[in-house]
Amino acid sequence: MNKIKLLLVDDEENFVNTLAERMKMRDVPSKVVYSGEAALDVVKTQEPDVMVLDLRMPGIDGMEVLRKVRATNPKVQIIILTGHGTDLDEEEARKLGAFHYHKKPIDIDELLGTVKKAYRQRIEDAMVVAALAEEGDFESAQKVLDEDK
């Protein structure tokens, strides 16, 4: 797989650093941040392909990060990974456009599989838009783009 630009966001530093190390061992390096504010700063300057996002964090929580990133950078595929989420949280995250919703603890290979699927979806969407635009079907290309919002 090409180099996925992966952003891991969690206020539990030991957990997210361990997760990053385990991803790196599987040839998927990542950038790690420990707050919603830091995640939003990274998205502004270094848009990731995929973000793995915790929900419960001090300051700007994961749900608000999800809202803001979907509004400003709809191509970023966001995977929720939470230890404290509820069924209502999952429902809201999916309505807001989360690619997937996982609960902690999670098997690293299962999470890696979801990250790779999210990345493939991002690439496929970009290829469809490019093909439609090349054929002059800008209306259909715009519809594909709008589906991501």
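Here are a few things to note about the model shown:
- Per-q log10 I(q)/I(0), the stretch 77-118, q = 0.14, 0.21, 0.31, 0.32 Å⁻¹ (Debye; single scatterer per alpha-carbon; no solvent): -0.29, -0.63, -1.11, -1.14
- Whole-Hz couplings from phi, Karplus 6.51/-1.76/1.60, listed for the stretch 97-114; x for Gly and Pro: x, 4, 5, 7, 10, 10, 10, 7, x, 9, 5, 4, 5, 5, 5, 4, x, 5
- In the chain, the longest principal axis of the Cα atoms and the axis of helix 62-72 are about 20 degrees apart.
- Measuring r between the beta carbons of ASP87 and MET25 and using R0 = 35 Å, the FRET efficiency lands at 0.60.
- Cα extents of the chain along the three principal axes, largest first (Å): 50, 32, 28
- Note on the chain: lysine pairs with Cα distance below 13 Å, sequence gap of 8 or more or different chains, count 12.
- Mean Cβ count within 10 Å, highest first, over the residues of peptides 84-91, 132-139, 6-13, 34-41: 6-13, 34-41, 84-91, 132-139
- Here the stretch 1-77 has an Rg and Dmax of 11.8, 35 Å, counting Cα atoms alone.
- Local net charge near LEU88, Cβ-Cβ under 15 Å (Lys/Arg +1, Asp/Glu -1): -2
Readers should treat all values here as calculations from the given coordinates under stated rules, not as data from a laboratory. From a predicted model like this one, the values you see are computed outputs, not experimental measurements. All Cβ positions, even for glycine, are placed from backbone atoms using ideal geometry, and neighbour counts span all protein chains on display.
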